[in-house]
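Each remark here refers to the structure printed beneath this line.
What follows draws every value from the coordinates through simple rules; no lab data is involved. Computed from a predicted model, the values in this text were never measured in an experiment. All Cβ positions, even for glycine, are placed from backbone atoms using ideal geometry, and neighbour counts span all protein chains on display.
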Amino acid sequence: MVYEIVKYPERVLETKAEPVTAFDERLARLVEDMFESMYAAKGIGLAAPQIGISLRITVIDLSFQEKPEDKIVLINPEIFEREGRQYEEEGCLSLPDIREKVNRDARVKVRAQNVKGEWFEIEGRELLSRAMQHEIDHLDGVLFITRLSRLKRDLTLRKIRRLIKKGEW
Ligand code: ZN
């Protein structure tokens, strides 16, 4: 099932999501639906709040269906190691057509659960590091525009308000 992507300023996007506690059939189906919804929206990462579900789940596929091993599911993820800095452009399905450079850690190590509830660790560099930080931010109710300088954030918010007014958002 393809869910509609929730856009800013929907409140669920700025709400801290709840931990997943039931690792059942319903969760497995939800994760598959998240991949389907992400592909339908042409994204490489999606967090559950972006489909209106306030749970700590995110899916990532940097190769966009090219390589099955690139499909990553992070449930209740936490970053436990960070190193270096990077400053690259990001976008977000919940903020269509907005692209800005964001400061991130160059390399992160994440601990998370899979759909069966088993804990694992994953290390990301460059784009994967960025994607995991971006998606985990979503679970804490943080959008990437929050991480921009105040000037850039204000300009971006003004642009969004203009688009909403014109009915183009
Ligand atoms: Zn996003």
Answer residue from the stretch 4-14, given it is in contact with a Ser or Thr (Cβ under 7 Å, 6 or more places away or on another chain) and in a helix (DSSP H, G or I) and is surrounded by the fewest Cβ atoms within 10 Å (Cβ to Cβ) among those: Val12
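Going through Leu157, Leu163, Leu127 one at a time, which residue ends up being over 30 Å from Glu25 (Cβ atoms), out of contact with any Asp or Glu (no Cβ under 9 Å at 6 or more places or on another chain) and surrounded by fewer than 18 Cβ atoms within 10 Å (Cβ to Cβ)? I'd like the intermediate steps shown before the answer.
Details: Leu163 fails: out of contact with any Asp or Glu (no Cβ under 9 Å at 6 or more places or on another chain); Leu127 fails: out of contact with any Asp or Glu (no Cβ under 9 Å at 6 or more places or on another chain).
On inspection, the qualifying residue turns out to be Leu157.
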Single residue of Ile60, Ile145 found to be of a type in the set (A, V, I, L, M), within 16 Å of the ligand (Cβ to nearest atom) and outside any strand (DSSP E or B): Ile145
Tabulated pairs, the stretch 47-66, first under 14 Å from Ser37 (Cβ atoms), second polar (S, T, N, Q), C-beta under 6 angstrom, 6+ apart or interchain: Ala47/Thr58; Gln50/Ser94; Ile51/Ser37
All positions within the stretch 63-106 that are within 16 Å of the ligand (Cβ to nearest atom) and acidic (Asp, Glu): Glu88, Glu89, Glu90, Asp97, Glu100
Identity of the residue in the stretch 20-44, within 16 Å of the ligand (Cβ to nearest atom) and surrounded by fewer than 14 Cβ atoms within 10 Å (Cβ to Cβ), that ends up nearest to Ile160 (Cα to Cα): Lys42
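Residue-wise test of (1) on the phi > 0 side of the Ramachandran plot; (2) more than 16 Å from the ligand (Cβ to nearest atom); (3) in a helix (DSSP H, G or I); (4) free of Cβ contacts under 8 Å to residues at least 40 places away in the same chain.
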residue	(1), (2), (3), (4)
Lys116	no, yes, no, no
Ile122	no, yes, no, no
Ile136	no, no, yes, no
Arg158	no, yes, yes, yes
Candidates Ala17, Ala47, filtered to the one that is closer than 23 Å to Ile160 by Cα and surrounded by 14 or more Cβ atoms within 10 Å (Cβ to Cβ): Ala47
The one condition in (1) over 12 Å from Glu135 (Cβ atoms); (2) part of a loop (DSSP other than H, G, I, E, B); (3) touching a residue at least 24 places away in the same chain (Cβ under 8 Å) that Gly43 fails to fulfil: (1)
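Scanning the stretch 143-156 for residues that are without any contact (Cβ under 8 Å) to a residue 40 or more places away in the chain and under 16 Å from Asn103 (Cα atoms), which turns out farthest from the chain's Cα centre (by Cα)?
In the first step, residues of the stretch 143-156 are kept if they are without any contact (Cβ under 8 Å) to a residue 40 or more places away in the chain; the result is 146, 149-151, 153-155.
Filter once more, so that each one left must be under 16 Å from Asn103 (Cα atoms): 146, 149-151, 153.
Details: Thr146: 14, Ser149: 20, Arg150: 22, Leu151: 24, Arg153: 19 Å.
Once the filter is applied, the top-ranked residue is Leu151.
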